[in-house]
Structures are given as structure tokens and as C-alpha cells.
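Throughout, read-outs are computed from the coordinates displayed, never taken from laboratory work. Since the model is a prediction, treat every value here as computed from it, not as a measurement. Positions of Cβ are generated from backbone atoms using ideal geometry, with glycine treated the same way; all protein chains shown enter the neighbour counts.
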Amino acid sequence: MSDNKKALNDVKSYVEKIAERNNWILNPDKETLQNLIEGLMVNINRYGYYNCPCRDSQEDRNLDKDIICPCRYSEPDIREFGHCYCALYFDEDYDFSKSVEMIPERRE
Ligand code: SF4
């Protein structure tokens, strides 16, 4: 892997930092978390930015700027539903005894 490629650990550190900075927590389901981190790693290495792992990229940073992780919708989604659209980040007080549901797409 060349030096400018991000490895899984780089991406993991990135999302951990974002979570910490916002008082969010990462999805506690290890497999889901791993899949999302892998998706972000593919996207940063393919496009050069952290395109949301559950939304299609237009392969243009400017057109995708609202869905660069953490996306523009993450804060209102976490406030309203307790987690972001991909269920990567959760409110620190999220009640995990209830199942994690899909939430509506806030992006137009
Ligand atoms: S929905 Fe979640 S994972 Fe996707 S970009 Fe927004 S914050 Fe990141």
C-alpha cells in the first residue's frame, strides 16, 4: 500500500476522534462498525474524501460536500433519531435495548 493510502486503523482513528469531539459513540455492533469503516476506507482511497459509506458518490468533492463524513445531516439526525443515517454515530445516551431502525433520508 502506498503512503498516501489510508489503512483501516487510520479510518478507525478518524471516526473515533469525530465521535469523541461530538460526544457521540460508535455503533457497538462490531460487524456493522467494521463494514462502515471499510466503506469509508474504500471511499477515501477512491475519491480522496470520506464520502458517506451508505450514499452514492458523484465523484466530485464539491457535489458531495454535504455527505462527507460526518455529513451535514448527522447532527440533526442524531438529535432527532439518536443516530446518523448509516448508524455509525450514536447519541451517547442512546437506548440500545431497542433495535436500530432505518431513519428517513434527510438529504434532498
Ligand atoms: S450518515 Fe453517518 S456515516 Fe454517513 S456521512 Fe453521515 S455521519 Fe458519516
| field | the stretch 50-108, residues that are hydroxyl-bearing (Ser, Thr, Tyr) and touching a Gly at 6+ places or on another chain (Cβ under 8 Å) | value | 94
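Residues checked against (1) touching a helix residue (DSSP H, G or I) at 6+ places or on another chain (Cβ under 8 Å); (2) surrounded by 13 or more Cβ atoms within 10 Å (Cβ to Cβ); (3) basic (Lys, Arg):
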site	(1), (2), (3)
9	no, no, no
28	no, no, no
40	yes, yes, no
82	no, yes, no
94	no, yes, no
107	yes, no, yes
| task | Kindly establish whether residue 70 is touching a residue at least 24 places away in the same chain (Cβ under 8 Å), surrounded by fewer than 16 Cβ atoms within 10 Å (Cβ to Cβ), touching a strand residue (DSSP E or B) at 6+ places or on another chain (Cβ under 9 Å) and not hydrophobic (A, V, I, L, M, F, W, C). | result | no
